[in-house]
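Bear in mind that the values in this text are calculations on the coordinates, not laboratory data. Just so you know, these numbers come straight off a predicted model, no measurement behind them. Glycine also receives a Cβ, built like all others from the backbone with ideal geometry; neighbour counts cover every protein chain displayed.
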Amino acid sequence: MERTLIIIKPDGVERNLIGPIITRFEQRGLKIVGMKMLQVSDQLARQHYAVHEGKSFFEPLIEYITSAPVVVMALEGPQAVQAARNTIGATKPVEATAGSIRGDFGMMVGRNLVHGSDSPENGAAEIALWFDESELVSYERVVDRWILE
């Protein structure tokens, strides 16, 4: 099973969209194996977005992600990264398909509600950055027989 990191960003939290966003992933069939709310530190933000350091949007991105609490989740399922990214929608909300999180709730790139890992390798690395192993729970769901072949 693959795992991916999801962050409900400050705009998703402030707009009271935590529940609807989590619901999208649960309805998709992805299993939550870790979840918490936190205020992101400057250090964690810089580690998470290190790949963008030096780009013009880096500092505004750090200010944004540390501006209010976020909800982070570790999700699990077959092809979890791609399933989550399809559920989230295109980076630019105005280009995201209706029915996706960004397509239904977003307007601008700088306020696109959700982060999702872009590869299984990054999913594993990002989960390790945001969660201690003790915060992740492996379990069997009875419903999985109706979701997974």
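Note down the nm distance, to one decimal, between modelled labels 7 Å out along Cα→Cβ at TYR49 and at ALA125.
Output for this residue pair reads 1.7 nm.
Can you pull the three principal axis extents for the Cα set of the chain, in Å, largest first?
Projected onto its principal axes, the Cα set of the chain covers 46, 36, 26 Å.
Which of PHE105, PHE25, PHE57 moves most in a GNM of the chain, Cα contacts under 10 Å?
Ranking PHE105, PHE25, PHE57 by mean-square fluctuation puts PHE57 first.
Using a 7 Å offset from the Cα along the Cα-to-Cβ direction at both MET37 and ARG145, what is the distance between the two label points in nm, to one decimal?
A separation of 3.6 nm, rounded to one decimal place.
Which of the lysines could be linked to LYS36 by a straight reach, that is with a Cα gap under 24 Å, when you skip same-chain ones fewer than 8 residues away?
In chain and number order, the partners are LYS9.
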